[in-house]
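Worksheet for the structure shown next.
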Amino acid sequence: MTETNVDRWVAIVSDPDSQASTAIEGLLARLGFEVEPTPRLEDVTTALRHHRRALVLAVMPYGAERIAEQCQEWREAAQQCYVTLLLEQYRNQDVAAAFEGGADDVIVKPVIPAELHTRLTRAVQAMLLEDYRVRLNGEAILLSEISVRSRLHSRRYLQDQLGNEMDRARRFAHALALILVEVIGTRPDERLLRNFGVLLNRYVRVHVDWVARYTERSFALVLPETTLLGAVRAAHRLRAVLSESALLAAGLPPELHVSFGVSALDEVSATDLPGTKTLMDSAEAYLREAVRGGPDRIIAGRPQLPH
């Protein structure tokens with residue numbers, strides 16, 4: 001097991017037996033852990049509060065009730081905590097009490113190097129799996145919040161659904177507008193961009209307008225029954241609400257800036273030639289012009305028909 005696999009975990013060893021403690025610490029160091037000796041059991045909780053992820057090896061406090069309280073206290077002190085309790089001797093009731101109290105593993109002293117190596121290697125594998133599970137769970141929660149609460153759609157959805165909006169506009173001779181918003185002035189990561197998309201969604205008409213991902217750092221706002229003038233006004237309102245306080249409240253950096261490209265078809269009829277691609281290409285052309293002009297610019301215009 002290499003150091004890079006456990007570099008986010010620290011090993012806290014609590015054993016008043018200095019000889020046993022030294023042997024355990026040496027093996028942990030060879031496995032790539034940063035080791036923090038904590039001889040007194042009552043100091044383990046304090047040590048854990050300085051680490052998000054920790055492997056604890058400690059001499060077992062006797063008594064099932066005491067073990068449960070101790071393990072719970074340790075897990076509350078660290079975000080992720082793998083607890084291995086050390087027994088001075090093997091007794092069935094002590095082993096049972098350790099596992100019932102919440103320990104992840106139990107080792108009986110005197111420590112046998114080969115056994116300790118095997119158990120700690122398994123502990124590392126378990127912790128890496130827990131890292132992976134937590135990361136996936138966090139992404140799943142984030143994606144769930146975006147899809148359920150925020151109605152934030154994908155580029156594929158944009159391409160398909162915009163065609164439906166175009167058909168509806170032609171059928172009822174309504175207008176249809178598209179606003180492209182690009183994040184500039186910072187190097188956004190995926191979480192920042194998703195937070196920005198959620199923020200945009202707060203300022204569109206519920207059950208009427210909708211937001212979709214357009215490119216890696218831009219979003220599309222589809223505004224049915226909205227003329228070019230109405231879309232430009234909507235873009236100005238969005239630019240105004242993206243103040244420093246609103247960005248901070250949404251977990252976004254205050255130095256974030258945006259540019260807008262706006263295009264719209266007014267009162268679409270069955271004989272109108274422009275299609276969804278023309279509308280998207282036009283809005284993107286206006287967006288590129290806005291980006292070239294500097295931050296917080298809005299460039300708008302009618303769809304540019306292909307020659």
(request) Report the residues of region 242-263 in range of a label on residue 296: point 7 Å along Cα→C-beta, backbone N strictly under 20 Å from it. (result) 242-262
(request) Sticking with the crude label model, points 7 Å out along Cα→Cβ, report the distance from residue 167 to residue 19 in nm, one decimal please. (result) 8.3
(message) Rounding to the nearest 10 and keeping the result within 0 to 90°, find how far the Cα-based axis of helix 155-172 lies from the longest principal axis of the chain.
(response) 30
(request) On the protein heavy atoms, probe 1.4 angstrom, tell me the percent of accessible surface of the chain carried by carbon and sulfur. (result) 51
(message) For the pair residue 156/residue 205, report the inter-label distance in nm, with labels modelled 7 Å from Cα in the Cβ direction.
(response) 2.9
(request) Mind giving me the FRET efficiency for residue 229 and residue 79? R0 is 35 Å, r the Cβ-Cβ distance, nearest 0.05 is fine. (result) 0.10
(message) Just to be sure I understand the curve: with the Debye formula and one point per C-alpha of the chain, what is log10 I(q)/I(0) at q = 0.06, 0.11 Å⁻¹?
(response) -0.39, -0.73
(request) Set the Förster distance to 25 Å, then compute FRET efficiency between residue 99 and residue 133 from the Cβ-Cβ distance, nearest 0.05. (result) 0.75
(request) Skip the ligands, DNA and RNA, and give the accessible area per residue of the chain with a 1.4 Å probe, whole Å². (result) 52
(request) Percent of Cα-Cα pairs per 10 Å bin, from 0 to the last occupied bin, for region 204-307, please list those. (result) 14, 45, 32, 8, 1
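The values are calculated or read from the model by the stated rules, or taken from the named source; none is laboratory data. Computed from a prediction, not measured in an experiment: that's the story for all the values here. A quick note on method: Cβ atoms are made from the backbone with ideal geometry, for glycine too, and the neighbour counts reach across all protein chains shown. These area figures cover heavy atoms from the full protein model, side chains too; ligands, DNA and RNA do not enter into them. Shrake-Rupley method; radii C 1.70, N 1.55, O 1.52, S 1.80 Å.
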